[in-house]
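Colleague: Right, I'll just put the structure down here and ask away after.
The values are calculated or read from the model by the stated rules, or taken from the named source; none is laboratory data. All figures in this text were calculated on a predicted structure; none of them were measured in a lab. Glycine also receives a Cβ, built like all others from the backbone with ideal geometry; neighbour counts cover every protein chain displayed. Surface areas here come from the heavy atoms of the whole protein model, side chains and all, with no ligands, DNA or RNA. Shrake-Rupley method; radii C 1.70, N 1.55, O 1.52, S 1.80 Å.
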Amino acid sequence: MKKLYTSFEEAVVEIKDGMTIMVGGFGLVGIPENLIKAVREKNVKDLTVISNNCGVDDWGLGLLLSNKQIKKMIASYVGENKEFERQVLSGELEVQLVPQGSLAEKIRAGGAGIPAFYTPAGVGTPIAEGRETRVFNGKEYLLEEAFKADVSLVRAWKADKLGNLVYRKTAQNFNPMMAAAGKVTIAEVEEIVEVGELDPDEIHTPSIYVQGLIVGKQEKRIERLTVQA
Amino acid sequence: MSKNVRIQIAKRAEKEIQDGFYVNLGIGMPTMVANYISENKNIFLQSENGLLGIGPYPTEGEVDPDLINAGKETVTAIPGASYFSNAESFAMIRGGHIDLAILGGMEVAENGDLANWMIPGKMIKGMGGAMDLVHGAKKVVVIMEHVNKAGQPKILKKCSLPLTGQSVVNRIITDRAVIDVTGNGLELIEVVEGYTIEDIQNSTEPQLIISDKVLSKQN
C-alpha cells in the first residue's frame, strides 16, 4: 500500500527549497489544485517548475508565482498571466520555453530512462541556437535532453490504494509522464477505491510510479467557457 | 481583420479537408474552420492536449471542466473519439499520422519558412505545439491576411521574424489568393474575386509563378 495522506501539508513534505518539481495539467485542466495550494502554504522558495503553463493570476501555479516561489519556469506557453509577464520583464523569473511535443517527450524520456533524443521541432528557430543538431536521412534534428523531477505533483480521477491511477478525459494531459519522471510522485485524486476495484485494462498509470496519494476536492475552474450560440 | 474576411478565409481553408482526414486546427482563425466543415465529410479533429475527435462547443448543460481543446475552450467529443496523454498526442503529430495542419501565420517565406510565434521586443508567450506540428503533419496550410496592418507583404523572400519552422509550409491561403510553396518557388494557384494577378504580385515580395489554372480563368 502507498502512503495515503490525510493532510495536504503532509503530502508536500518532500518539497524543499531549490528543488525541481513537475506539476501536471494543461491550462487549468488536470492540475493538482490542492497540492499547489499546499506548496504555497509551505512557502518553499527557488523552485524550478516544469509544467505546460503557469496557471492564471489567482489560480494554479499562478499562486506560487505571486508568492515569488518560482525561480525558473519551464513551459511551452505562458500567456495567461500578468504577474508572469511582470516578473519576466523585471528579471525576477527565468523562463525556458520548450515546444509542447518536446516538453512532453523530454518528461516521458526522463521517466523511461532515455537521456536524450532527436526531434525536428525547433530546428532553424531561436531555441536551437548554439545547440547540437544531427542529420538523419537528409533531415536535420535537434538534440533534446530528458527532464526529471525531485517531486512530481499529479492529478488523477481515480486511484486504488496501491497508487494505480485513472485519468478523466483531457485532464490526463501531462500527468502520466510526470508521474513516471518524479523521484517522488504524489497524486491528488478525486476518489480512492479498494485494490482490485479498478479494471487492470483501464489503468493509465501503474502503481509503480506513485509514492503517495491524497483525496482532494476539486474546484475545476474553467479558463475559457465556450458554449454553443 | 474583419469578421467577414476571417469567414471567407476559413471557408476556403475547409476545402483542404478531405473525407476521412485527421486534422489539427491551430488556435484562433484556424479553429473557425471547424464551423464550416461540410456534413458530407467524416473527419477527426485532433487537439494537442489529448483528444482525437473534437465535437461542437457544448450546450450549457453539457459543459465538462475536464474536457477542453488546445485553446483551453470547453468542447465536446464525438462518437469514436479517444483521449490520451500529450506524449501520445505528439507521437501522432511528429510521427506523420496527421493528414493536415491548418495554422495561423505572421510571415511566410518563399522557401516555406514560417514565423508565427514571437515578435522581438514583445512578451514571448511561447510556441505551444506549433514547432512540433509544422514538422509532423503531412500537409501544412497557413491561413492569414495577405498584407499586414501597414499594407506590407507578409509573404516574403525571407522572414524577418524568428522562425517557427524552416521549409515547412505547403500552401498559403489569404484573403486575396491561394499560393503553393513548390521546389521552384511560390506558385499562385487561385486569385480571390475582386483582385487581379497584378494585385497579388504587387502585394507579395517574391516573384510568383502563375499557374495555368489562374491564367485560363483570367483570360
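Colleague: What strands (runs of 3 or more DSSP E), lying completely within the range B:104-219, carry at least 3 residues that are more than 30 Å from B:Asn86 (Cα to Cα), modelled with pLDDT of 95 or more and among the hydrophobic types (A, V, I, L, M, F, W, C)?
Modeller: Hits in the range B:104-219: B:177-182, B:185-191, B:208-210.
Colleague: For the range B:1-57, how many residues meet the condition of being part of a helix (DSSP H, G or I) and in contact (Cβ under 8 Å) with a residue 24 or more places away in the chain?
Modeller: Within the range B:1-57, residues that are part of a helix (DSSP H, G or I) and in contact (Cβ under 8 Å) with a residue 24 or more places away in the chain number 17.
Condition check ((1) among the charged types (D, E, K, R); (2) touching an Asp or Glu at 6+ places or on another chain (Cβ under 8 Å)) across all residues:
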site	(1), (2)
A:Gly24	no, no
A:Lys37	yes, no
A:Val44	no, yes
A:Asp58	yes, no
A:Met73	no, yes
A:Asn81	no, yes
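Colleague: Among the listed residues A:Gly113, A:Gly122, identify the single one that is more than 10 Å from chain B (Cβ to nearest Cβ) and at positive phi.
Modeller: A:Gly113
Colleague: A further question follows. Which condition does B:Ile179 not pass, out of (1) buried (at least 24 other Cβ atoms within 10 Å of the Cβ); (2) within 9 Å of chain A (Cβ to nearest Cβ), if it passes all the others?
Modeller: (2)
Colleague: For the subset of the range B:1-43 comprising residues that are touching a Gly at 6+ places or on another chain (Cβ under 6 Å) and farther than 24 Å from B:Gly95 by Cβ, which member is least open to solvent (accessible area, probe 1.4 Å)?
Modeller: Checking each candidate, the answer is B:Met29.
Colleague: Please determine whether any residue of the range B:71-81 is open to solvent by 60 Å² or more (accessible area, probe 1.4 Å) and modelled with pLDDT of 95 or more.
Modeller: Among the residues of the range B:71-81, at least one is open to solvent by 60 Å² or more (accessible area, probe 1.4 Å) and modelled with pLDDT of 95 or more, which makes the answer yes.
Colleague: State all residues of the range B:59-71 that are part of a loop (DSSP other than H, G, I, E, B) and either under 21 Å from B:Ser89 (Cβ atoms) or charged (D, E, K, R) (or both); if no residue qualifies, say none.
Modeller: Hits for the range B:59-71 are B:Asp64, B:Pro65, B:Asp66, B:Leu67, B:Asn69, B:Ala70, B:Gly71.
Colleague: Same structure again: Can you tell me which residue is farthest from A:Ile21 (Cα to Cα) among those in the range A:88-99 that are within 11 Å of another protein chain (Cβ to nearest Cβ) and more than 17 Å from the chain's Cα centre (by Cα)?
Modeller: A:Leu89
Colleague: Could you check how many residues of the range A:81-94 are open to solvent by 50 Å² or more (accessible area, probe 1.4 Å) and not in a helix (DSSP H, G or I)?
Modeller: Of the residues in the range A:81-94, 4 are open to solvent by 50 Å² or more (accessible area, probe 1.4 Å) and not in a helix (DSSP H, G or I).
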